[in-house]
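Quick one: this structure, given as structure tokens, is what I'll be asking you about.
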Amino acid sequence: MPSQSESGAAPAWTTLGKQLLKNVEKQPGWVYVLSTVYLATSLVRFPSRFSVLGSQISVPREIWIVAVAFAAYAVGDALDKITFKKPADVGGKRVWRQRYKPLALEEAKGKARDCLCVQSGVYDVSMRLLDAAHDAKFSVHFVNEFSKFIRSLIIPGLLLGVFVAFGKYPFCIAAILSLMLLAASLGIAYGLYPYLKMLHITNLYRIIPKLLGETNEDDVKRLCIVSVDEINFFFWDDLFVASARKAPVATIAAELQ
């Protein structure tokens, strides 16, 4: 028969493991970028001193790491507009629309919109509800932040690869390797990254029907939707979470047919 200390050890380790997993799920993408830059820059020697107007300014390696990570994340954020979205002409105005709309995503979005009874803002309301439920969901938060991490490495990885190729190999070989790196970067930018982002959004929408039926220990629904005029107000455990314009009754009826 296991001792009391042995029986208590397993739940303790299980709880620790679950908490560590939740912490990983919630980490923003820039944390992974910063860690990667820290490891990558260990192979690169940055200038530690600059001469400005006759004065010597010392720049620690840590400053370089933060600056490179910030630049990579900012460039990756800018890439989102041209990889995940595409320009479209609507009424003579140029707007950016989602580039890919797979059937699974559209079906999940439709069900989430029906559950929330909103006309727009389905994504924002869904994310706030998930956060209010304190449920990180590996398939939602981690996938989203990992996709941001991937897009942040596309251009820096391409530039670093080209630099290393031309520094180590003859011109012809370096040019071929650079073209291969460019093709891989385009594949990640227009293939892998959009796929991960759409997966994150699809998984988010699929959770909404489950949240709608979730109850507390008193068997009371945790999600409450209050309609006032044309606005739906969303409360989780009696705390206000979000609001959005209510979908017209005719639109809901048409989608249910």
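For the range 51-65, does any single residue satisfy the condition of being surrounded by fewer than 10 Cβ atoms within 10 Å (Cβ to Cβ) and assigned to a helix (DSSP H, G or I)?
no
Go through (1) in contact (Cβ under 8 Å) with a residue 12 or more places away in the chain; (2) within 29 Å of Leu186 (Cβ to Cβ); (3) exposed (fewer than 14 other Cβ atoms within 10 Å of the Cβ) one by one and return the number of the condition Pro47 breaks.
It fails just one condition, (2).
Taking the conditions exactly as written (under 22 Å from Ala108 (Cβ atoms), out of contact with any strand residue (DSSP E or B) (no Cβ under 8 Å at 6 or more places or on another chain), in a helix (DSSP H, G or I) and among the small types (Gly, Ala, Ser)), does Gly191 satisfy them or not?
yes
Let me ask you something else. Find all pairs meeting these conditions: Cβ atoms under 9 angstrom apart; at least six residues apart or on different chains; first residue within the range 164-186 and within 21 Å of Thr41 (Cα to Cα); second residue hydroxyl-bearing (Ser, Thr, Tyr) and surrounded by 12 or more Cβ atoms within 10 Å (Cβ to Cβ).
Filtered contacts from the range 164-186: Ala165/Ser178; Phe166/Ser178.
Consider Lys81 against the criteria (1) at pLDDT below 85; (2) under 22 Å from Val164 (Cβ atoms): it satisfies all of them except one. Which criterion is unmet?
Result: Lys81 fails condition (2) only.
What number of residues within the range 29-62 are farther than 21 Å from Gly167 by Cβ and aliphatic (A, V, I, L, M)?
Adding up the residues that qualify gives 7.
Residue under question is Ser42, and the condition is that it be over 30 Å from Leu204 (Cα atoms), assigned to a helix (DSSP H, G or I), among the polar types (S, T, N, Q) and at pLDDT below 70; does it hold?
Judged against the criteria, Ser42 is not a match.
Out of all the residues in the range 104-123, which are closer than 17 Å to Asn232 by Cα and out of contact with any helix residue (DSSP H, G or I) (no Cβ under 8 Å at 6 or more places or on another chain)?
If the condition is that a residue be closer than 17 Å to Asn232 by Cα and out of contact with any helix residue (DSSP H, G or I) (no Cβ under 8 Å at 6 or more places or on another chain), then Ser120, Gly121 are the ones that fit.
Something else: Among the listed residues Lys137, Lys197, identify the single one that is crowded, with 17+ Cβ neighbours inside 10 Å, within 30 Å of Ala74 (Cβ to Cβ) and at pLDDT 90 or above.
Lys197
Among the residues of the range 170-189, which ones are buried (at least 17 other Cβ atoms within 10 Å of the Cβ) and either closer than 26 Å to Phe146 by Cβ or of a type in the set (Phe, Trp, Tyr) (or both)?
Leu181, Ser185, Ile188, Ala189, listed by residue number.
Moving on to the next point. Within the range 76-116, take every residue that is hydrophobic (A, V, I, L, M, F, W, C) and free of Cβ contacts under 8 Å to residues at least 24 places away in the same chain and give me the one that is nearest to Leu129 (Cα to Cα).
That would be Leu103.
The values are calculated or read from the model by the stated rules, or taken from the named source; none is laboratory data. Given the structure is predicted, the values throughout are model-derived calculations rather than measurements. With ideal geometry, Cβ positions are generated from the backbone for all residues, glycine too; neighbour counts draw on all protein chains shown.
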